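Structure record follows, encoded as structure tokens.
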Amino acid sequence: MNVILLGPPGAGKGTQAKRLEEKHKLIQLSTGDMLRAAVASGNDLGKKAKEIMDAGQLVPDNLMIDLISDRIDQPDCTNGFILDGFPRTTPQAEALDSMLAEKGLKLHSVIEMKVQDEILVDRITGRYTCANCGAGYHDSFQQPRVAGVCDACGGTEFTRRSDDTAETVRSRLAAYHAQTAPILPYYGEKGVLKAVDGMTGIDEVTAQIEDALGAA
Ligand code: ADP
Ligand code: ADP
Ligand code: ZN
């Protein structure tokens, strides 16, 4: 099963992708995580992407399309994948369609996670992750069971993204509304789009996604 999680920054795509990964034995393909790894490694892609990401703008389509096309070819994707953060523009959505057709793969569903902008600002500015295993947390909405200790791995070091600031969030939201939201009707016409209310609790959102996938 190949699924797209589509929604604004902070909508909960990463949080839900991790749950789908476990339950359905799929692989989460987060283009944001892939780009951050490229920046950390200092490779060519990382050098090109760093400033763009810190400004809250979108990395050029050709770079993103090549990145995801190569990733889908890896053997761990054969049971299916969850795209988290891709596609984000009309050219990316069109390129995804042709690469899936070429590779003989089908798109099961596109899940739209709807969340209001004011809520997203709070979600993003309070977000942090375990430095060891990448588990996601939030200062108010998703705290570890024991303060300062990761639920998943027991790690005690946490990190925050350099682009998770109140100023950058505004550009990222503007990029979402101008460049990403316009691809929703494209998937609507294909009959694969399902919307969920992303403003409910994390477990409730998971239940809505499971319903949407089951009904597909
Ligand atoms: P969030 O999960 O908060 O929406 P991401 O981790 O998906 O953020 O993305 C972080 C940044 O990486 C984006 O602001 C953008 O600069 C870049 N990026 C990630 N995916 C894409 C993509 N598909 N196309 C262009 N830029 C991307
Ligand atoms: P995205 O990948 O779409 O940018 P994340 O999954 O990283 O979003 O979630 C952003 C922040 O909001 C994280 O700190 C996460 O713990 C928190 N969060 C995710 N889903 C919910 C929810 N349904 N209600 C409240 N907080 C949430
Ligand atoms: Zn951890």
Report, by chain and number, residues whose modeled amide H sits under 5 Å from the one on residue 143, excluding near sequence neighbours (fewer than 5 apart, same chain). 138
Please give me, ordered by residue number, the trypsin sites (Lys or Arg not before Pro) of region 1-105 that lie in loop per DSSP and have at most 14 other Cβ atoms within 10 Å. 25
How do 68, 52 rank when sorted from fewest to most other Cβ atoms within 10 Å of their own Cβ? 52, 68
Rounded to whole Hz and in sequence order, give me ³J(HN,Hα) for region 34-43 from the Karplus expression 6.51 cos²θ - 1.76 cosθ + 1.60, θ = phi - 60°, writing x for Gly and Pro. 5, 5, 5, 5, 5, 5, 5, 7, x, 6
GNM, the chain, Cα, under 10 Å: largest mean-square fluctuation among 142, 92, 57? 142
Across all Cα atoms of the chain, Rg and the largest Cα-Cα distance (Dmax), in Å, are 16.6, 48
Once phi is turned into θ = phi - 60°, what whole-Hz ³J(HN,Hα) does the Karplus curve with 6.51, -1.76 and 1.60 give for every residue of region 136-152, x standing for Gly and Pro? x, 9, 9, 3, 10, 8, 8, 8, x, 4, 10, 3, x, 10, 5, 4, 7
Distance between region 164-216 and region 123-155 - C-alpha centres, whole angstrom: 23
Per residue of region 189-196, what does 6.51 cos²θ - 1.76 cosθ + 1.60 with θ = phi - 60° give for ³J(HN,Hα)? Whole Hz please, x for Gly and Pro, Karplus curve as stated. 5, 7, x, 10, 8, 10, 9, 10
What helix-only [θ] at 222 nm does the chain give? Using -39500 (n - 2.57) per DSSP H run of at least 4, over all residues, to the nearest 500, the answer is -14000 deg cm²/dmol
Given an 8 Å cut-off on Cα distances and at least 6 residues of separation, report the relative contact order of region 102-216 as a percent. 36
Dividing the mean separation of Cα pairs under 8 Å (6+ apart) by the residue count of the chain yields a relative contact order in percent of 30
Going by how many other Cβ atoms sit within 10 Å of their own, how do 73, 33 line up, fewest first? 73, 33
Express as a percent, rounded to the nearest 5, the fraction of DSSP beta bridges in region 78-216 (both residues included) that run antiparallel. 60
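Read-outs throughout are calculated quantities, based only on the coordinates presented, and are distinct from any laboratory measurement. Everything quoted here is computed from the prediction, not taken from an experiment. All Cβ positions, even for glycine, are placed from backbone atoms using ideal geometry, and neighbour counts span all protein chains on display.
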